[in-house]
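Some notes on the structure that comes next.
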Amino acid sequence: MAELYRASGWWQEKWKESDLQPLITGSFAFVVATDTITRKAIGMGRVISDGVSDGYLQDIAVLPSCRNQGIGQRIVEILVEICRNAGIDWIGLVAQPGTFSLYHRCGFQVMEGHIAMKYQTEEK
């Protein structure tokens, strides 16, 4: 998982690989795509939710060498299905630049009039 976070540019140097366990177990759902031959993780995604109301897709990542093969789309479809099966119909995400078409194919739409925001500390 750390390799996927690093490949996506999300890894923070202050993290330890052992920090990934609570990240995974604290998620409402966590999906991993593996190479069928090497059994290596090549993609992942998770949902953050209380399991009742909203769900937020987070950390959708596929190794660069495995992109454009439908892996990310399948991860998103599975996560949406998990949410829908739990009765969660409001599913959101913040898409990185260049990923609009992936999420659009999976049924996501731009929320007109809404702005994605992030709390910014003085530390960067």
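Could you list all residues from the stretch 19-58 that are touching a Ser or Thr at 6+ places or on another chain (Cβ under 9 Å), part of a loop (DSSP other than H, G, I, E, B) and under 29 Å from D89 (Cβ atoms)?
S27, F28
Here's the yes/no breakdown for (1) closer than 19 Å to E3 by Cβ; (2) of a type in the set (V, I, T); (3) without any contact (Cβ under 8 Å) to a residue 40 or more places away in the chain:
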| position | (1), (2), (3) |
| --- | --- |
| A61 | yes, no, no |
| C66 | yes, no, yes |
| I75 | yes, yes, no |
| L79 | no, no, no |
| W90 | no, no, yes |
| R105 | no, no, yes |
| A116 | no, no, yes |
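Restricting attention to the stretch 4-14 and to residues that are without any contact (Cβ under 8 Å) to a residue 24 or more places away in the chain and part of a loop (DSSP other than H, G, I, E, B), the residue that is surrounded by the most Cβ atoms within 10 Å (Cβ to Cβ) turns out to be W11. Taken together, the residues in the stretch 40-52 that are within 15 Å of S65 (Cα to Cα) and surrounded by fewer than 14 Cβ atoms within 10 Å (Cβ to Cβ) amount to 1.
Quick one: is E17 touching a helix residue (DSSP H, G or I) at 6+ places or on another chain (Cβ under 8 Å), exposed (fewer than 12 other Cβ atoms within 10 Å of the Cβ) and not polar (S, T, N, Q)? Step through it out loud before you land on a result.
Numbers: touching a helix residue (DSSP H, G or I) at 6+ places or on another chain (Cβ under 8 Å): yes; exposed (fewer than 12 other Cβ atoms within 10 Å of the Cβ): yes; not polar (S, T, N, Q): yes.
Against the criterion (touching a helix residue (DSSP H, G or I) at 6+ places or on another chain (Cβ under 8 Å), exposed (fewer than 12 other Cβ atoms within 10 Å of the Cβ) and not polar (S, T, N, Q)), E17 qualifies.
Here, each number is a calculation from the coordinates, and none is a lab measurement. From a predicted model like this one, the values you see are computed outputs, not experimental measurements. All Cβ positions, glycine included, derive from the backbone under ideal geometry; neighbour counts span all protein chains shown.
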